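Every number here is computed from the coordinates shown, using simple stated rules; none is lab data. Small disclaimer: the values here were computed from a predicted structure and weren't measured. Reconstructed Cβ throughout: ideal geometry from the backbone, glycine too, with neighbour counts over all protein chains shown.
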Amino acid sequence: MTVTVRYFAAVREQLGGAESIDWSATPARNVGALREWLQTLSPAHAAALDEAKGLRMARNQTLCAADEPLSDGDEVAFFPPVTGG
């Protein structure tokens with residue numbers, strides 16, 4: 001399963017705009033598990049995606065909770081609770 005991950009605002013400044021993830025290596029297939037896995041990629045990922053930051057998450061451009069299931073080809077976005085326009 002391939003998932004496109006997009007970062008916005010301060011998260012984007014730390015990690016860049018987007019990355020394509022091969023998500024078939026793990027049995028956990030929801031947005032929260034993806035976030036936890038992304039945090040293991042580097043210290044920058046761990047800091048940018050820290051749960052204490054209160055980041056919002058969206059799956060296919062719809063806000064979602066951590067238990068939202070993922071499907072092949074989904075787009076997941078992470079962004080701060082307040083972003084500018």
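Number of residues in the range 19-35 that are exposed (fewer than 14 other Cβ atoms within 10 Å of the Cβ), of a type outside the set (Ser, Thr, Tyr) and more than 10 Å from Leu70 (Cβ to Cβ) equals 3. In the range 36-61, the residue that is surrounded by the most Cβ atoms within 10 Å (Cβ to Cβ) out of those that are among the basic types (Lys, Arg) and under 10 Å from the mean Cα position of the chain (by Cα) is Arg59. Of the residues that make up the range 67-82, is at least one without any contact (Cβ under 8 Å) to a residue 60 or more places away in the chain, within 13 Å of Val11 (Cα to Cα), in contact with a strand residue (DSSP E or B) (Cβ under 7 Å, 6 or more places away or on another chain) and not aromatic (Phe, Trp, Tyr)? Among the residues of the range 67-82, at least one is without any contact (Cβ under 8 Å) to a residue 60 or more places away in the chain, within 13 Å of Val11 (Cα to Cα), in contact with a strand residue (DSSP E or B) (Cβ under 7 Å, 6 or more places away or on another chain) and not aromatic (Phe, Trp, Tyr), which makes the answer yes. In this entry, Ser20 passes the filter for residues that are outside any loop (DSSP other than H, G, I, E, B) and not basic (Lys, Arg). Val3 passes every criterion in (1) in contact (Cβ under 8 Å) with a residue 60 or more places away in the chain; (2) on the phi > 0 side of the Ramachandran plot apart from (2).
Got a number for residues in the range 45-75 being assigned to a helix (DSSP H, G or I) and basic (Lys, Arg)? Count: 1.
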